[in-house]
């Protein structure tokens, strides 16, 4: 069975865990470095990016997370998680992980009251537009040469990207009942690190 972790320091990690388990995926809350063992992929959820960064540092997770990525494991950051994964987030007063070649601006759409929902076509996701929930969302302002843009708003702003087996989305798929993006990520994780479990 595919094993996916969800960074469970702060934010809406429980919703990701619930959605993964609905797909018959073994889902694990990650709070300490040892929780990363034997995982095929990791989701960094939405929440408050400064708090997530501070807690990851406090729990000794920063270098283990980088090592996890360096081992070829799949990563997906949603909202605050996308900020923390980014190469650069100039308005964040904490270091990012620098694991996906994007520059992200926090709270790009305004305050909580400015949150919105929109049906969004996403490259590689079949079945029609995805109902995307934006809550104090960031926007991806620059991408590196190996980053593929998966979704833009009508005004051209980038809200979903992929670099190899790493995803970043500015919105919250876990706050819907649509499992397509989670299925997409699980498939990335399965392809990224061929499992030897069950082999003689």
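No value in this document is a laboratory result; all are computed from the given coordinates. Remember, it's a predicted structure, so these values are computed and weren't measured experimentally. Cβ sites come from the backbone with ideal geometry, for glycine too, and all protein chains shown count toward neighbours.
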Evaluate E = 1/(1 + (r/R0)^6) for residue 32 and residue 154, where r is the Cβ-Cβ distance and R0 equals 45 Å; express this FRET efficiency to the nearest 0.05. 0.60
log10 I(q)/I(0), Debye, Cα-only segment 1-118, no solvent, q = 0.19, 0.21 Å⁻¹? -1.01, -1.20
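Taking only the alpha-carbon atoms of segment 63-161, what semi-axes of the equivalent ellipsoid follow from 5 times the gyration tensor eigenvalues under a square root, in whole Å, largest first?
With the √(5λ) rule applied to segment 63-161, the semi-axes are 23, 17, 12 Å.
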Stokes-Einstein diffusion coefficient of the chain, Kirkwood radius over Cα pairs, 25 °C, 0.890 mPa s, in µm²/s: 148 µm²/s
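Over the chain, calculate the relative contact order: mean separation of alpha carbon pairs under 8 Å at least 6 apart, over the residue count, as a percent.
Relative CO of the chain lands at 19 percent.
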Mean-square fluctuation check for the chain, GNM, Cα pairs under 10 Å: which of 23, 65, 99 is largest? 23
Measuring from label point to label point, each 7 Å out along Cα→Cβ, what is the residue 24 to residue 62 span in nm? 4.1 nm
